[in-house]
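See structure below.
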Amino acid sequence: MDKILEAVMLSTYPINVKQGLARRVIEAAKQPMDSAQCWAMLELSTKLFLVGDTKFKREIGQEVLEVYGRYHLEAFVEFFNAHFLLTLLQEGYGTPGHPSPYVLDYVQLGLQFIPEGPPAEGVFALLRLEVLRKVCERPGPRQCAKVARLLASNPRCIPDGRHRLLFCQQLVRCIGQFQCLAEGEEGIVEFLEPCERVSGLLPKIWRAQASSILLSLKELFAIISSTEEQEPPSNALASVVQYVPLELMDGVIRNLTNDDSISDAQMMTAISRMIDWVSWPLGKNIDKWIITLLKGLAAVKKFSILIEVSLSKIEKVFSKLLYPIVREAALSVLKYMLLSFQHSHEAFHLLLPHIPKMVASLAEEDSNSRANCLEELAELIHCMVFRFSGFPDLYEPVMEAIKDFHVPNEDRIKQLLGQNAWTSQKNELVCFYPRLAAKSDTGKIGLINLGNTCYMNSVIQALFMASDFRHCVLHLPEDNSQPLMTKLQWLFAFLEHSQRPAVSPESFLSASWTPWFSPGAQQDCSEYLKYLLDRLHEEEKTGKRICQKLKQSNTPSPPEEQPSLNKPSPSPTAVEKMFGGKIVTRIRCLRCLNVSTREEAFTDLSLAFPPPDRRRRRLGSVMLPVEDVRVQGPPSPAKTQAPGTEGARRQRKHCIAGDALPPVVSIEILGFQEPGGHRGNFRQEDEKEKKEKEGNNDKEKEEKEEGGREEKKERGRGEREKNEEVEKKEEEKEEEKEKEEKKKEGEGCLGLRTGGNQGVAFGEQMCGPEGSRSVPDLLNYFLSPETLTAENRYHCEHCASLQDAEKVVELSEGPRYLILTLLRFSFDLRTMRRKKILDNVSIPLFLRLPMAGSCPQQDQGQACAAYDLCSVVVHSGISSESGHYYCYAREGATAVVNPPETTGLSAAEKPPGLESQWYLFNDTRVSFSSFESVSNVTSFFPKDTAYVLFYRQRVREGCKAEPKSPRPHTEPALHKDLIEAISKDNILYLQEQEKEARSRSAYISTLPKSPPWGRDFDEDKDEDDEGSPGGCDPAAGGSGSSFHRLVF
């Protein structure tokens, strides 16, 4: 029968005739026959299957084998023995040098018919060794896929014990040598299929033996980290990583990045090749592994590797955005690489020539991922342009390409930059790196204390957080004549863009040194602030005068053609624009009623503390009003609280937190007071004086004086009667309001949610303990009329002698930033030393200050300046010669979120205190804070008192506000030299961190693997690490935990 079948296969009959004859032979084979005939047929079918030159011959050979395996099992088992298989697998079948590629298919076919028993055990034991040998020979993708198919259908053939671990290692190495030689889409698909089949075998083995996972990953890393000169490993290794459980990722990367046996060259090679895996189309979670490894390298301060890899690979990653199948992974890796590369613009600028073409290609594409990719790419570009501003010529075509896409707001941009910076990555070994403190989570940068220089650090941080002033300083051109302002510009630029957690202000300290300060001694921050602003102002004025003279000398003009009166007034300096205001001082002689007026400029207001009996001033019969921020009309006077009644319920200070709204305080200007106790008006007094003089011109001197005295008495009596009537009416109104408020309080309607009397609610928050003061109290005391008598009498020019007079100070022009200094230091004549007033002062979030000429009875919407609190400099200590300064500050009053209670309110009505983040700047330490902490700092730490306050003026009511649309370029562009200096310093810092981390790591490796202690072994903590935020030395935290070194 075998001869017949062989003759049919060699005949020249048509295929259909051959098929018919072969089917008859196969049917006859189902009948009983002797062993020799079966053996001959099995040999012939093996030959046809393995070396048949046509698909028809191989199919006939397979059918004959299947028939003899079913109907002649005994003969089949005898033929398909271990010795035959060993020869077949080791020597192959066919002509020497050209073994059959179908041997593994033949083995898999024969295993279907081997029954259980000793022969089967021998065959499987043989195959467990042979598949390991086969993999070690590094077969190609197709042969390796046949091994995987064989093992998947026959798990008993998988090597066991230590051979299984070895098999996993060799299989990974085998995958690493796969190369795609085909071209075109069909060839790539044919290559991908066997790769996926082979890598899919690994998770089955890992499930059976979990220890093989880490061994496989170790082998994979050894392959991709090899620095020997050879062809790079195949990207098919990406198919191995996709099957590793993600819960193991963090531990694997942590052990990998902390393994001292891995050199920088190996790590750089490995991460570079992993980034190439982004192009592997079927890989899952590849981007997660790449990003986690990059973060792990940042956590252990290996910045040189990150810089090298980012610059060499970022263009390749960017190019993969063109392919939808790998676009998601490529975009994730690209975003992290760009957002983390913040020390220099190099990486981003490498992509600038490619961005417009990429955007145009994506816009023309018709795919589901196109729109999302464009939106994320545009957001990424805006972040980079914001971070590295100052290159308009390079950015113009890029911004033109993405002009139609959404522009993220500044908060979103800062959030993305802060989350992804290399210096923001945390490491579980951070307790062993106390000197390698990462940049604060706040994104803000501290200032190093150079020896009792906290007074300067707190002032600089307050000025830096004054965003308008900061922008003005950063806008300063490179070719200016202001050396001190240039130093401040550099310091501000480093505070904005440095990667260091804290920078040294040494250069600025020497440039701004106050001559009468003693080096190394504690100084008054208010004194330094005044000196600094004055220096900046005078320097800019001088520079402008010099520039103007140079221009005049270079452009000669006709002599004496232009009169001096037509000369333009000099433009205001930056200090005048930001901090300059004006006050009007009016002094009225009480004898002749003549009023002299003097207007003068100021940059800060020094507020003295009123005497104890004036802690609660009264204006006639009206207490200072506490005004609701919603009120647009004239503020209604608040009722006078009787001691022991309602005021007793308001002893406790309420914190501004949660749903509570900040107090809104209105300060009234105090005019001259008449004998009856009420304020007069300048214009009315002037008119009365004129009438007096006109009516008495023809009288004699004595009659004039007597008539004047009588007239004065009559007028005084009439005015007193009139004022008494007005006072009674006001008291009646107060009683009615008090009844309404008590009724609403009884109904529980004091909050915004219930719509109660918000003025009373804000009043509760402003009221402190019995006898406490507030900033409005000090302002009113500053603005209150002062009687000049006795030794302080005023020399009246009209009377030509010293006379009793009344002095009033009014604000005529409010500054953009109002600086208030609380005069807490006074000179004690008894001890001949300066002492500190430790009284707690309530600080409102909002102030409404009236300007000169406004009348409380009129609409104050256009006559008042509204101010939001933005910074508070706190002094900790009991004297001006000692202690510590630190600063609470926030960016501004821009709304970020809308609490439910404020829904529907306009921007001017929303209280800003709840909507902007507060920070605590304590030398090198910067942390998140809140207005609640600002309010309670003196309550918790009695020696820590607010000293200098910064208030930022709101847009005046009725004026057009600036557009609220998000702008990604809010920070000014820096000039090239400054950008270059910051980039170099950032690189230097990364190198310093890496060097220090390596030395620390080497030190740790010498310690026992399981130390018995549970705390960190660096005890160099600062003295003022506990207690209040005060303390003049740089505060350094750090808490340790037990450590067990894991070896990868």
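The values are calculated or read from the model by the stated rules, or taken from the named source; none is laboratory data. Nothing here was measured: the structure is a model prediction, and the numbers come from that model. Every residue, glycine as well, gets a Cβ built from its backbone with ideal geometry; the counts of neighbours run over all protein chains shown. Note: accessible area is taken over every heavy atom of the protein model, side chains too, but ligands, DNA and RNA are not part of it. Shrake-Rupley method; radii C 1.70, N 1.55, O 1.52, S 1.80 Å.
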Which pairs turn up if I take residues in segment 146-163 that are of a type in the set (Gly, Ala, Ser) and look for partners that are open to solvent by 30 Å² or more (accessible area, probe 1.4 Å) with beta carbon separation below 6 Å, at least 6 apart in sequence or on another chain?
148/197
Flagged in segment 67-83 as in contact with a Ser or Thr (Cβ under 9 Å, 6 or more places away or on another chain), surrounded by fewer than 18 Cβ atoms within 10 Å (Cβ to Cβ) and either hydroxyl-bearing (Ser, Thr, Tyr) or free of Cβ contacts under 8 Å to residues at least 40 places away in the same chain (or both), in numbering order, are 74
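Rundown of residues vs (1) more than 15 Å from the chain's Cα centre (by Cα); (2) on the phi < 0 side of the Ramachandran plot; (3) of a type in the set (Val, Ile, Thr); (4) modelled with pLDDT under 80, yes/no style:
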{"position": "393", "(1), (2), (3), (4)": "yes, yes, no, yes"}
{"position": "408", "(1), (2), (3), (4)": "no, yes, no, no"}
{"position": "413", "(1), (2), (3), (4)": "no, yes, yes, no"}
{"position": "424", "(1), (2), (3), (4)": "no, yes, no, yes"}
{"position": "450", "(1), (2), (3), (4)": "yes, yes, no, no"}
{"position": "458", "(1), (2), (3), (4)": "yes, yes, no, no"}
{"position": "465", "(1), (2), (3), (4)": "yes, yes, no, no"}
{"position": "469", "(1), (2), (3), (4)": "yes, yes, no, no"}
Among 495, 417, the single one that is modelled with pLDDT of 90 or more, among the hydrophobic types (A, V, I, L, M, F, W, C) and either on the phi < 0 side of the Ramachandran plot or open to solvent by 50 Å² or more (accessible area, probe 1.4 Å) (or both) is 495
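Within segment 1-30, track down each residue that is assigned to a loop (DSSP other than H, G, I, E, B) and either open to solvent by less than 50 Å² (accessible area, probe 1.4 Å) or without any contact (Cβ under 8 Å) to a residue 24 or more places away in the chain (or both). I'd like the intermediate steps shown before the answer.
Residues of segment 1-30 assigned to a loop (DSSP other than H, G, I, E, B): 1, 11-14, 29-30.
Once the filter is applied, which keeps residues that are assigned to a loop (DSSP other than H, G, I, E, B) and either open to solvent by less than 50 Å² (accessible area, probe 1.4 Å) or without any contact (Cβ under 8 Å) to a residue 24 or more places away in the chain (or both), segment 1-30 yields 11, 12, 13, 14, 29.
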If residue 259 satisfies every condition in (1) at pLDDT 90 or above; (2) of a type in the set (Asp, Glu); (3) in a loop (DSSP other than H, G, I, E, B) but one, which is the exception?
(1)
Being modelled with pLDDT of 50 or more, within 17 Å of residue 457 (Cα to Cα) and of a type in the set (Ser, Thr, Tyr) is true for just one of 885, 867. Which residue is that?
885
Here the residues within segment 243-268 that are surrounded by fewer than 20 Cβ atoms within 10 Å (Cβ to Cβ) and polar (S, T, N, Q) are 255, 261, 263, 266
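Residues in segment 529-537: is at least one at pLDDT below 85, within 18 Å of residue 477 (Cβ to Cβ) and not basic (Lys, Arg)? Break it down into steps so the answer makes sense when it comes.
In the first step, residues of segment 529-537 are kept if they are at pLDDT below 85; the result is none.
Within segment 529-537, none of the residues are at pLDDT below 85, within 18 Å of residue 477 (Cβ to Cβ) and not basic (Lys, Arg).
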Here is a list: 252, 189. Which entry is within 32 Å of the chain's Cα centre (by Cα) and either touching a residue at least 40 places away in the same chain (Cβ under 8 Å) or in a helix (DSSP H, G or I) (or both)?
252
Residues of segment 502-519 being part of a loop (DSSP other than H, G, I, E, B) and touching a Leu at 6+ places or on another chain (Cβ under 9 Å), in sequence order, are 504, 505, 512, 514
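Within segment 446-460, restricting attention to residues that are among the aliphatic types (A, V, I, L, M) and open to solvent by 10 Å² or more (accessible area, probe 1.4 Å), which residue is nearest to residue 524 (Cα to Cα)? Step through it out loud before you land on a result.
Of the residues in segment 446-460, the ones among the aliphatic types (A, V, I, L, M) are 447-448, 450, 456, 459-460.
Subsequent filtering for residues that are open to solvent by 10 Å² or more (accessible area, probe 1.4 Å) retains 448, 450.
On the way: 448: 18, 450: 16 Å.
My answer is 450.
Can you tell me which residues in segment 270-297 are over 20 Å from residue 338 (Cβ atoms) and surrounded by fewer than 18 Cβ atoms within 10 Å (Cβ to Cβ)?
Within segment 270-297, the first condition is being over 20 Å from residue 338 (Cβ atoms), and the residues that meet it are 270, 273, 280-285.
281, 282, 284, 285, listed by residue number.
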Where residue 363 falls short, out of the listed (1) part of a loop (DSSP other than H, G, I, E, B); (2) more than 16 Å from the chain's Cα centre (by Cα):
(1)
Considering only segment 220-249, how many residues are assigned to a helix (DSSP H, G or I) and more than 17 Å from residue 195 (Cβ to Cβ)?
6
Does residue 167 qualify as being touching a helix residue (DSSP H, G or I) at 6+ places or on another chain (Cβ under 6 Å), within 30 Å of residue 323 (Cβ to Cβ) and aromatic (Phe, Trp, Tyr)?
no
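Return the only residue of 744, 807 being modelled with pLDDT under 50, farther than 23 Å from residue 869 by Cβ and either outside any loop (DSSP other than H, G, I, E, B) or touching a Lys or Arg at 6+ places or on another chain (Cβ under 9 Å) (or both). Please lay out each step first, then the result.
Details: 807 fails: modelled with pLDDT under 50.
So the residue among 744, 807 that is modelled with pLDDT under 50, farther than 23 Å from residue 869 by Cβ and either outside any loop (DSSP other than H, G, I, E, B) or touching a Lys or Arg at 6+ places or on another chain (Cβ under 9 Å) (or both) is 744.
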